[in-house]
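The values are calculated or read from the model by the stated rules, or taken from the named source; none is laboratory data. Here the structure is a predicted model, which is why all the values come from computation and not from measurement. Cβ coordinates were reconstructed from backbone atoms using ideal geometry, including for glycine residues, and neighbour counts include every protein chain displayed.
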Amino acid sequence: MKKHVAWAVTVATAATCALGTVAPAVAADADPAASVTATAATPGGIDTSKLDPKLRAMVDAFIAKLPAGWQDRLQTTYEKTGADHTLWTQIRNAGIDPNAYQCQSTQFREVVGKLYTGVNNYFGFAVLQALGLLDLPLYEALYFGTESKANTFGLNGEYTQETTSTMKDLKSFWDIKSSDIQLVPMKNDIFSSPERAGRVIALLFGVSDEVATEFAAAFYPEYFKMEPFLKNGMNPLLSLNAFAYTEEGDPNPLGVSDRIVMGDGILEVMKEIGLDGVAPKAIMAHEFGHHVQFEDHLFTNTTLTGSEATRRTELMADAFGTYYLTHSRGEALNTKRLLDSEKNFYQIGDCSFLDPGHHGTPNQRLAASAWGASVANDAVNQGHVLPSLTFADKFDVKLPELVKPDAV
């Protein structure tokens, strides 16, 4: 089956994530993404009535040109790629008791909240989310991205050498078939190219390249003028993600190669909180851990279901990643510096206990990372790398302790 494992959060859910947690003053129970689908007031069932009149006319005109069944096509794309199932979405009233766990805010969330400063119209933002029109960097990287020496990582290309060399090292460290895994950037600058943006829009909606490119050329400059907080598309929010993807075993593949996609936005946020020294390596190591799981069939080798199953795979990827980061044959990073000072995986913990995409609380993610480091540091033979399946077995034995309630 297709697997898309997000390390952060797509723009398609970013506003919902922010409301009541990190965004500027907005009601805690407000959910603009939900309100978009509450009223079917315009063609296609998307309520554009609260958009700026000029933007509304452009969006309505575009929707009117879409072929029959475009909404089903868009929903299928979301489902098949996992773009609608990320870290802070679909919270449900069942499962783990949140009162039994500590789940504090983190600096990562605070920085993400600041990226929303100056937004003028949350409803309009949500309309575009519902249409997928702000996730173009993600879909371009997924559908059209390819590994190349010309690729750059970071808004200014500052992480290119580090990410590419880490990918090479990860492939030699783990015992899986990895020669076909590509490293692909997710770039904000797609919004400045009507041709690139149009190519993605045409694929998403099933419309002609000509119609899609014409829409992109007219719409995005106007929208960014009305929402200057997006910085003409260069706001890190629009590429705030990193994920591993495979189609191994999928009966209806999209024809997309195995890959790790690295968004410039997640790197920028990590730099903002002072983690740029190790975050690129840590993110890469975590995502490569998912590919270890793909190849070793560790997603299906469990009796856990729902949010607990997702939490297991995410915490395991944290452990895989930190084992590599601290191992003498990996990055050989100082464990205390990695865990006590920078706490990469702690920063990405979430408190959506009931979400099928729950990744583990900040404390659980830190505990999983600490355990992974201990396996490397306490080994009798420091030069030996454990077989990935052996490491996974050890993790599954440790898992109940890592996720035990910790509230006092």
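Would you mind stating whether residue 256 is within 19 Å of the chain's Cα centre (by Cα), closer than 25 Å to residue 145 by Cβ, β-branched (Val, Ile, Thr) and outside any strand (DSSP E or B)? Show your work before the answer.
Numbers: within 19 Å of the chain's Cα centre (by Cα): yes; closer than 25 Å to residue 145 by Cβ: yes; β-branched (Val, Ile, Thr): yes; outside any strand (DSSP E or B): yes.
When the stated conditions are applied, residue 256 passes them.
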| Is it the case that residue 166 is surrounded by fewer than 20 Cβ atoms within 10 Å (Cβ to Cβ) and either farther than 21 Å from residue 329 by Cβ or not small (Gly, Ala, Ser) (or both)? | no
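Provide a single number: the residues in region 238-254 that are out of contact with any Gly (no Cβ under 6 Å at 6 or more places or on another chain), under 28 Å from residue 65 (Cβ atoms) and surrounded by 24 or more Cβ atoms within 10 Å (Cβ to Cβ). Don't jump to the end; show me each part of the working.
Filtering region 238-254 for residues out of contact with any Gly (no Cβ under 6 Å at 6 or more places or on another chain) gives 238, 243-254.
Narrowing further to those that are under 28 Å from residue 65 (Cβ atoms): 238, 252, 254.
Restricting the remaining residues to those that are surrounded by 24 or more Cβ atoms within 10 Å (Cβ to Cβ) gives 238.
Total meeting the criteria: 1.
List the helices (runs of 4 or more DSSP H) that sit entirely inside region 32-123 and contain at least 1 residues that are among the hydrophobic types (A, V, I, L, M, F, W, C) and at pLDDT 75 or above. I'd like the intermediate steps shown before the answer.
Details: elements: 32-36, 53-64, 70-81, 107-114.
Filter on region 32-123 gives 53-64, 70-81, 107-114.
Give me a count of the residues in region 196-215 that are of a type in the set (D, E, K, R) and either buried (at least 20 other Cβ atoms within 10 Å of the Cβ) or within 25 Å of the chain's Cα centre (by Cα) (or both).
Step one: list which residues in region 196-215 are of a type in the set (D, E, K, R), which gives 196, 199, 209-210, 214.
From what's left, either buried (at least 20 other Cβ atoms within 10 Å of the Cβ) or within 25 Å of the chain's Cα centre (by Cα) (or both): 196, 199.
Counting residues in region 196-215 that are of a type in the set (D, E, K, R) and either buried (at least 20 other Cβ atoms within 10 Å of the Cβ) or within 25 Å of the chain's Cα centre (by Cα) (or both) gives 2.
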| request: State the number of residues belonging to region 171-195 that are within 18 Å of residue 262 (Cα to Cα) and in a helix (DSSP H, G or I). | output: 5
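Given the criteria at pLDDT 90 or above and within 21 Å of residue 298 (Cβ to Cβ), does residue 391 qualify?
Details: at pLDDT 90 or above: yes; within 21 Å of residue 298 (Cβ to Cβ): yes.
Yes, satisfied.
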| said: Can you say whether residue 225 is basic (Lys, Arg), closer than 30 Å to residue 73 by Cβ and surrounded by fewer than 18 Cβ atoms within 10 Å (Cβ to Cβ), as far as the supplied structure shows? | reply: yes
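Out of 248, 227, I need the residue that is modelled with pLDDT under 95, of a type outside the set (Gly, Ala, Ser) and within 23 Å of residue 288 (Cα to Cα). Which one?
248
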| If you go through region 314-322 one residue at a time, do you hit one that is in contact (Cβ under 8 Å) with a residue 12 or more places away in the chain, in a loop (DSSP other than H, G, I, E, B), of a type in the set (A, V, I, L, M, F, W, C) and surrounded by 24 or more Cβ atoms within 10 Å (Cβ to Cβ)? | no
